[in-house]
1. What is the helix-to-structure angle for 110-123, meaning the angle in degrees between its Cα long axis and the longest Cα principal axis of the chain, kept from 0 to 90 and rounded to the nearest 10?
2. Roughly speaking, what is the centre-to-centre gap between the range 194-230 and the range 5-66 when only Cα atoms are used, to the nearest Å?
3. Roughly how large, in nm² to one decimal, is the mean projection of the convex hull of the alpha-carbon atoms in the range 316-357?
4. What is the gain in length, in nm to one decimal, between residue 298 and residue 32 on full extension, counting 0.36 nm per residue of separation less the C-alpha to C-alpha distance?
5. Relative to the compact-globule scaling 2.2 N^0.38 Å, provide the ratio for the alpha-carbon radius of gyration of the range 92-156.
6. What residues from the range 10-43 fall in the zone where the backbone N is under 16 Å from a label point 7 Å along the Cα-to-C-beta line of residue 55?
7. Using the Cα atoms of the range 364-406 to build a convex hull, what is its mean projected area in square nanometres?
8. Percent of alpha carbon pairs in the range 118-255 separated by more than 25 Å?
Ligand code: GLU
């Protein structure tokens, strides 16, 4: 039987890191086994459904490169893939369970249920639907139940959990899990408005969509015994289950918005590469080989093994993501990086540059930053003349001869041919040697004049990329306008 797995998000907001990890592991498993990866939207809780969330999930997964084989946006043989479009099926299946005595009607009002819970609190017992004291098919005569239903009395359908037995399943990651049926609630399956709960819809869909493996977060483990009972009641073969380890913040608290961004979209906006994000998320709970951490999607697919996923919670460490992203920045082809940088520059209002120039700038600066947009912020001087100068740095390297030297440096630049870093370096070395000075006596001021900053890539490499004209222009502007104004304001001591 060919592998079929599904990513089944509830459209209650943006796709977050945890959802991405679940989607990715399903994807890797499907691709590794040549199976199908299906998107199903679980929107039975209409109150929590957020408009636009489905599009966001699909678009975000497309951005990272996870393509589905079936889903609401592409169709497929077992649709519709949106639960709110399958209500009739759930109703029929709930009816089937009623007929088999595996489920029953209950007529309790919210107030009655609240009083039941209150009694249980006072008696110190765990809250659970008390089948034998409430108003339902067990406590009311059959004719009464029929009459109430015929009158249109609001009723839910509950699962009749067997009274005294063990419910067992084998989790691919965690091994055997056993729960006693007394610890399982008579779960509502169909609400009085005709909508199914998560449990009913999930099981019915996994069956009718021929899902072979359910791969989902650890928080769903308590639901699984209920699902097992449902499969039994229907007489269906359950899929295999694999529950993925919890994700934690570095301080071991539950991953949450309060600790910074968790929405994949936020990472995208900050300029992380989809490859880096996927690589990072892939290692939250699994590592293909002990000796390295950078993997392409193809490698992840080739190595993926569900049974090798850890049980222990995985820590989401942003510093590691930054490190990984920096590795990708250093390795991705320059053509691709230039293409990605272009819209960022446009958004910042910088002039347009040919891709060749962008590639040279990226090659110059990519060792010094973690994320592509930082090329445009840290390296702003490669696109526009510096707008701010680190004058403290300038003063630290000030000497009375400096203005004269800089005038001569303009001359030097003009006569340097070819305008290459090595040639520039050699000529400036001679220049300072003739004046009995070390190279830094001119390099530091030049760096400030050309970039506005005290740090950056090698200054001669920077000059080469900026080009002769631009360097001379910046130097002249500095000598003619900025320096006199600065000296007037704060004369050197
Ligand atoms: N709709 C559930 C969620 O939002 C799916 C859980 C499952 O995969 O069964 O995570």
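Every number in this text was worked out from the coordinates using simple rules, so none of it is lab data. Everything numeric in this text was worked out from a predicted model, so none of it was measured. Positions of Cβ are backbone-derived with ideal geometry, glycine not excepted, and every protein chain shown enters the neighbour counts.
1. With rounding to tens, the tilt is 90 degrees.
2. The range 194-230 and the range 5-66 have Cα centres spaced 16 Å from each other.
3. In nm², the orientation-averaged hull projection of the range 316-357 is 3.7.
4. Gain on stretching residue 298 to residue 32: 94.8 nm.
5. In units of the globular-protein estimate, the range 92-156 measures up at 1.23.
6. Zone members listed by number: 11-15.
7. For the Cα atoms of the range 364-406, the hull's average projected area reads 4.3 nm².
8. Roughly 40 percent, once rounded to a whole number.
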